[in-house]
Amino acid sequence: MLRARTVVSKYAPKHISYSTKATVVNDSKNSLNISEKKVDNILNEVNKDQKLYMNDPVSPGSIFFLPDGTKIFNKLVEFMKLQQEYKFGFKEVITPLIYKKSLWEQSGHWINYKDDMFRVESQDKSKEEYGLKPMNCPGHCMIFQHADRSYSELPMRLSDYSPLHRNEASGALSGLTRVRKFHQDDGHIFCTPEQVGEEIAKCIKLIDLCYKRVFTLNRNSGPSYTLEVSTRPEKYIGELKTWDHAEDMLKNALESLKKDYSINEGDGAFYGPKIDIKVTDHKNKSHQVATIQLDFQLPERFKLRYKDKDNTYKRPIMIHRAVFGSLERFIAMLVETNEGSWPFWLNPRQAMIIPVNTKSAEQVKMAKEVHLKLKGEDIGSKNDFSIPVPNNGYHFNVDIDLRSEPIGRRIKDAINKKYSYIITVGDNEVKSNIYSIRNRQTFEIEALSYEKIFEQFKTLQTNYS
């Protein structure tokens with residue numbers, strides 16, 4: 001059933017009427033599958049050329065990331081880990097993939113979510129049934145519960161990148177956008193009631209950092225994202241009074257930040273209301289990415305507590321949040337936006353090195369040397385397996401083309417494969433010890449030393465450019 005979402009924020013644009021907003025929501029719901037099909041079409045074309053991932057009926061809805069796709073995946077995870085730990089105070093944990101049915105019953109997932117879970121049986125059928133985790137929150141509750149907690153430890157912020165499994169209908173599976181196994185930049189914050197507003201504000205700041213500074217999916221004028229407060233669904237756990245209080249806390253937090261938002265009636269999680277963040281791409285298509293959820297229920301169900309300043313025990317409030325959401329779906333959105341032309345820092349093909357004449361020993365030697373240097377491999381110890389590759393932090397994705405094909409054909413191949421830079425080595429470069437380097441975007445050719453090329457690549461990588 002479609003529900004109208006009405007604008008209630010006093011900061012919302014005044015020209016949007018209730019009926020207009022409802023129409024927009026209905027249109028976006030009906031066009032969701034069309035939008036995903038367009039994303040998948042572009043994704044298929046890029047994937048055909050760049051070989052990022054594959055699917056196979058042996059594991060429906062699970063992605064086989066190929067080497068270049070894995071590089072992009074790891075770069076995104078690395079980016080988020082750095083922001084969360086060093087800027088926003090999260091501590092990464094690793095939790096189990098399989099839990100006993102009793103844990104899912106305690107959390108409420110077995111009653112409210114079991115149809116979307118994969119169940120796992122052990123060899124001993126008399127033992128308890130297990131379930132593959134569709135989300136990380138119960139495991140993080142177990143970590144909080146494991147020790148006596150004090151108010152001085154709060155807010156406790158935990159992040160987790162473990163794979164999750166949800167039993168999507170086979171007919172709904174599609175490329176990277178609809179999968180059964182996926183990864184989230186998942187995080188949970190345990191805090192006091194007084195800390196909720198500040199923690200939500202920090203979550204919004206991380207979202208701003210991602211979608212306004214680094215990942216500009218919308219190149220047109222207009223907001224980088226929109227906010228929706230999703231309220232109590234028909235199927236929920238807990239008391240109405242608690243739900244109303246949680247919804248008010250989310251609205252108050254957004255209004256204190258002067259953020260416009262709309263209401264999405266009845267679309268909250270079964271354990272709490274949430275803020276959904278939707279990004280509009282450069283083609284004006286809307287995609288849900290991040291989410292911030294407020295939860296009073298799981299701390300109650302797991303009997304979580306901390307000792308407050310007055311020496312009494314109190315329940316923490318739990319905030320669930322993800323910024324990328326599903327990394328698989330986020331990668332699909334990036335591909336649809338850049339059509340395979342990756343920014344340097346994310347590009348699995350950052351530079352191609354091409355000697356003009358592959359029969360020239362000097363040209364090939366110079367090309368191989370810069371290849372190893374940019375990859376961060378020590379030339380002298382390349383074949384000495386007792387010496388590890390130095391952990392210098394800069395290992396660029398650089399390839400070398402030594403095929404005995406004409407130079408023009410090899411350059412064209414590198415351009416078609418969307419390498420960010422093409423470095424060529426000819427007789428003049430050997431004599432001057434200077435490289436000719438071509439930028440994919442401008443096609444301008446510069447003559448640069450290895451040191452200048454390295455510094456340029458380093459700056460691009462460091463600044464997420």
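The values are calculated or read from the model by the stated rules, or taken from the named source; none is laboratory data. None of the values given here were measured: they were computed from a predicted structure. Note that we place each Cβ from the backbone using ideal geometry, even for glycine, and neighbour counts take in every protein chain shown. These area figures cover heavy atoms from the full protein model, side chains too; ligands, DNA and RNA do not enter into them. Shrake-Rupley method; radii C 1.70, N 1.55, O 1.52, S 1.80 Å.
Within region 163-183, track down each residue that is out of contact with any Lys or Arg (no Cβ under 8 Å at 6 or more places or on another chain), at pLDDT below 95 and either within 19 Å of HIS140 (Cα to Cα) or part of a helix (DSSP H, G or I) (or both).
SER170, GLY171
Which residue is least open to solvent (accessible area, probe 1.4 Å), if the candidates are limited to region 406-430 and must be over 30 Å from ARG213 (Cβ atoms), of a type in the set (D, E, K, R) and in contact (Cβ under 8 Å) with a residue 12 or more places away in the chain?
The residue in question is ARG410.
Could you tell me which residue of region 354-375 is least open to solvent (accessible area, probe 1.4 Å), considering only residues that are part of a loop (DSSP other than H, G, I, E, B) and among the basic types (Lys, Arg)? Steps first, please.
Taking region 354-375 first, the residues part of a loop (DSSP other than H, G, I, E, B) are 356-360, 375.
Filter once more, keeping what is among the basic types (Lys, Arg): 359, 375.
Numbers: LYS359: 187, LYS375: 67 Å².
Filtering region 354-375 for residues that are part of a loop (DSSP other than H, G, I, E, B) and among the basic types (Lys, Arg), the one least open to solvent (accessible area, probe 1.4 Å) comes out as LYS375.
Looking at region 431-465 only, could you name the residues that are without any contact (Cβ under 8 Å) to a residue 24 or more places away in the chain, open to solvent by less than 40 Å² (accessible area, probe 1.4 Å) and under 30 Å from GLN83 (Cβ atoms)?
Scanning region 431-465 gives a single hit, ASN439.
Answer with yes or no whether PRO96 is open to solvent by 30 Å² or more (accessible area, probe 1.4 Å), at pLDDT 90 or above, assigned by the TED database to the domain that holds LEU206 and in contact with a helix residue (DSSP H, G or I) (Cβ under 9 Å, 6 or more places away or on another chain). Spell out how you get there, then give the answer.
Values: open to solvent by 30 Å² or more (accessible area, probe 1.4 Å): yes; at pLDDT 90 or above: yes; assigned by the TED database to the domain that holds LEU206: yes; in contact with a helix residue (DSSP H, G or I) (Cβ under 9 Å, 6 or more places away or on another chain): yes.
In short, yes.
Kindly check whether there is at least one residue in region 200-215 that is out of contact with any Asp or Glu (no Cβ under 6 Å at 6 or more places or on another chain), in a loop (DSSP other than H, G, I, E, B) and more than 24 Å from LEU346 (Cα to Cα).
At the first step, the residues of region 200-215 found to be out of contact with any Asp or Glu (no Cβ under 6 Å at 6 or more places or on another chain) are 200-215.
Okay, now just the ones that are also in a loop (DSSP other than H, G, I, E, B), so 215.
When the remaining residues are screened for being more than 24 Å from LEU346 (Cα to Cα), the result is none.
Within region 200-215, not a single residue is out of contact with any Asp or Glu (no Cβ under 6 Å at 6 or more places or on another chain), in a loop (DSSP other than H, G, I, E, B) and more than 24 Å from LEU346 (Cα to Cα).
Filtering region 130-162 down to residues that are in a strand (DSSP E or B) and under 25 Å from LYS307 (Cα atoms), which residue is nearest to the chain's Cα centre (by Cα)? Lay out the reasoning, then the answer.
If we filter region 130-162 for residues that are in a strand (DSSP E or B), which is where we start, we get 130-132, 150, 156-160.
Pick out the ones that are also under 25 Å from LYS307 (Cα atoms) and you get 150, 156-159.
Working: SER150: 32, MET156: 22, ARG157: 18, LEU158: 16, SER159: 13 Å.
Of everything passing the filter in region 130-162, SER159 is nearest to the chain's Cα centre (by Cα).
Pairs needed: first member in region 224-238, touching a residue at least 40 places away in the same chain (Cβ under 8 Å) and in a loop (DSSP other than H, G, I, E, B); second member anywhere, acidic (Asp, Glu) and open to solvent by 10 Å² or more (accessible area, probe 1.4 Å); C-beta distance under 7 Å; at least 6 residues apart or different chains.
THR231/GLU247; THR231/GLU265
Within the group THR242, THR226, which residue is surrounded by fewer than 21 Cβ atoms within 10 Å (Cβ to Cβ) and modelled with pLDDT under 90?
Details: THR226 fails: modelled with pLDDT under 90.
Matching residue, one of THR242, THR226: THR242.
In region 245-260, what residues are open to solvent by less than 80 Å² (accessible area, probe 1.4 Å) and in contact (Cβ under 8 Å) with a residue 60 or more places away in the chain?
From region 245-260, those open to solvent by less than 80 Å² (accessible area, probe 1.4 Å) are 246-251, 253-255, 257, 259-260; that's our starting set.
Those that are open to solvent by less than 80 Å² (accessible area, probe 1.4 Å) and in contact (Cβ under 8 Å) with a residue 60 or more places away in the chain: LYS251, LEU254, GLU255, LYS259, ASP260.
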